[in-house]
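Engineer: Next up is a structure, given as structure tokens.
Read-outs: derived from the displayed coordinates by stated rules, not from any lab. These numbers were taken from a predicted model, which means no experiment stands behind them. Using ideal geometry, Cβ is built from the backbone for each residue, glycine included, and neighbour counts are taken over all protein chains shown.
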Amino acid sequence: MTNIYLPHLARIITIQDDTYDTKTFGLELVDAEARNTFRFRPGQFLEIAVLGVGEAPFGLASNPNHPEAFFVTIRAVGSVTDALHKLSPGDIVGVRGPFGNGFPFDEIKGKNVLFVAGGIGLPPLRSLIEPMLDARSEFGDVQILYGARSPADLVYKNRLKEWETMQDVRFMMTVDVGDSGWSGNVGVVTTIFPKADIIVDNTVAFVCGPPIMIRFAIMELLRLGFAPANIISTLERYMKCGVGKCGHCAIGHKYVCLDGPVFSYREMMKLPERVV
């Protein structure tokens, strides 16, 4: 039986500087058998350890159709993330997972899809966007709305340019505060809702970002007529163990690491405390 507390060793194969404080790490498992059998679903997360420093949860940010190498996008905000940012390609980290329920995929084929992302809420959504684009003909209208604090805070800048040019994807972005080189929309992500010609009928909306952004995005989607069951988001809790044992991420009878981190807004409304 696999020990759920024992990490696999993973080698850093690439590091991309996304912003001044955010990097995307490409990883592969060192053990060949583990590498060949590693699979994950969009929206799942990993527990990544810097040996001698600590462990923290990070959402997978890559296409599950290509699991041989996987990616996590990490902002430097604490001891583990700071230590990760000091590593180089070839260095070894510990990896446990994947954990969590993940986003629905097959269940929403044939529907329109709206993505609303804020800041580094885009990386976990990217794990759903990319396989959806691989199977583009199986979905209806696909729209991506993305907002960040400033142009310098936009992640995946090259990929954003590609999404802008795709004929079968509607993409818009905004920043809270522009700079001299920014000619796009200025304002939080909900300020582009009126300009986006959002389709409500037969549409599932995926929302990910800072809790305050999620709250106001959901409020606006409800105002537009989205049913709570058709608004899907992630909850941000400290998923310390990842396997429902430590209790750090418990909300009433739910564990974010096991029952989430993905929940519909209808499910969130049933929780015993306000979560967004």
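Engineer: Determine the percent antiparallel among the DSSP beta bridges restricted to the chain, to the nearest 5.
Structural biologist: 60
Engineer: If you don't mind, there's one more thing I want to ask. Take the Cβ-Cβ distance between residue 3 and residue 182 as r, set R0 to 41 Å, and report the resulting FRET efficiency rounded to the nearest 0.05.
Structural biologist: After rounding to 0.05, the efficiency reads 0.25.
Engineer: If you don't mind, another one. Counting only residues 5 or more places away or on other chains, whose amide H sits under 5 Å from the amide H of residue 173 once H atoms are built in the peptide plane?
Structural biologist: 146
Engineer: Sticking with this one: Take residue 101 and residue 65, extend 7 Å from each Cα along the Cα→Cβ direction, and tell me the distance between the two endpoints in nm.
Structural biologist: 2.6
Engineer: Estimate the FRET efficiency between residue 212 and residue 31 by the formula 1/(1 + (r/R0)^6), using the beta-carbon distance for r and 30 Å for R0, to the nearest 0.05.
Structural biologist: According to the calculation, E is roughly 0.15.
Engineer: Same structure again: Whole angstrom only: what separates the Cα centroid of the stretch 177-216 from the Cα centroid of the stretch 19-92?
Structural biologist: Taking the Cα centre of each part, the stretch 177-216 and the stretch 19-92 sit 28 Å apart.
Engineer: If you don't mind, there's one more thing I want to ask. Could you order peptides 157-169, 78-90 by the average number of other Cβ atoms within 10 Å of their residues, highest first?
Structural biologist: Per-residue Cβ counts within 10 Å, averaged per peptide and sorted highest first, yield 78-90, 157-169.
Engineer: Grab the beta carbon distance between residue 191 and residue 165, set R0 = 30 Å, and tell me the FRET efficiency rounded to 0.05.
Structural biologist: Here the calculated transfer efficiency is 0.80.
Engineer: Right, another one. May I ask for the Rg/Rh ratio of the stretch 106-234, computed from Cα atoms with Rh as the Kirkwood radius, given to two decimals?
Structural biologist: Taking Rg over the Kirkwood Rh, I get 0.94.
Engineer: Identify, among 46, 232, 139, the residue whose Cα sits farthest towards the positive end of the charge dipole of the chain, taking +1 on the Cβ of Lys and Arg and -1 on the Cβ of Asp and Glu, with the dipole about the Cα centre.
Structural biologist: Working it through, the farthest residue towards the positive pole turns out to be 232.
Engineer: May I ask what percent, to the nearest 5, of DSSP beta bridges between residues of the stretch 170-276 are antiparallel?
Structural biologist: For the stretch 170-276, the DSSP antiparallel bridge percentage is about 50.
Engineer: Let me confirm the definition first: pairs of Lys residues in the stretch 91-248, 8 or more apart or on different chains, C-alpha distance under 27 Å. How many are there?
Structural biologist: 6
Engineer: Over the stretch 8-99, what is the relative contact order in whole percent, taking alpha-carbon pairs under 8 Å and six or more residues apart?
Structural biologist: Relative contact order for the stretch 8-99 comes out at 38 percent.
Engineer: Further, regarding this structure: Please state, rounded to one decimal and in Å, the Kirkwood hydrodynamic radius that the chain gives when every pair of distinct Cα atoms enters the mean of 1/r.
Structural biologist: For the chain, the Kirkwood estimate is 19.2 Å.
Engineer: Could I ask something else about it? Would you mind putting 259-271, 98-110 in packing order, based on average other-beta-carbon counts within 10 Å, highest first?
Structural biologist: 259-271, 98-110
Engineer: Where nothing but the Cβ of Lys and Arg (+1) and of Asp and Glu (-1) is charged, how large is the charge dipole of the chain around its Cα centre, in debye to the nearest 20?
Structural biologist: Dipole of the chain, to the nearest 20 debye: 540 debye.
Engineer: If amide hydrogens are placed 1.01 Å from N in the peptide plane, which non-local residues have theirs closer than 5 Å to the one on residue 116?
Structural biologist: Amide H neighbours of residue 116, under 5 Å, 5+ apart: 145, 206, 207, 208.
Engineer: Round to the nearest 10 and give me the degree value, 0 to 90, for the angle of helix 211-224's Cα axis relative to the longest principal axis of the chain.
Structural biologist: Value to nearest ten degrees: 30.
Engineer: So, one more: From the phi angles alone, apply the Karplus equation (6.51, -1.76, 1.60; θ = phi - 60°) to the stretch 229-245 and give each ³J(HN,Hα) in whole Hz, x where the residue is Gly or Pro.
Structural biologist: For the stretch 229-245, the Karplus-derived couplings read 5, 9, 10, 10, 9, 10, 9, 9, 9, 7, 8, 4, 9, x, 10, x, 9 Hz, x marking Gly and Pro.
Engineer: Shifting gears a bit: What nm value, rounded to one decimal, do you get for the distance between residue 85 and residue 248 when each label is placed 7 Å out toward the C-beta?
Structural biologist: 2.0
Engineer: Under a 5 Å amide H to amide H cut-off, with H placed in plane at 1.01 Å, what residues pair with residue 276 once short-range neighbours are removed?
Structural biologist: Amide H neighbours of residue 276: none.
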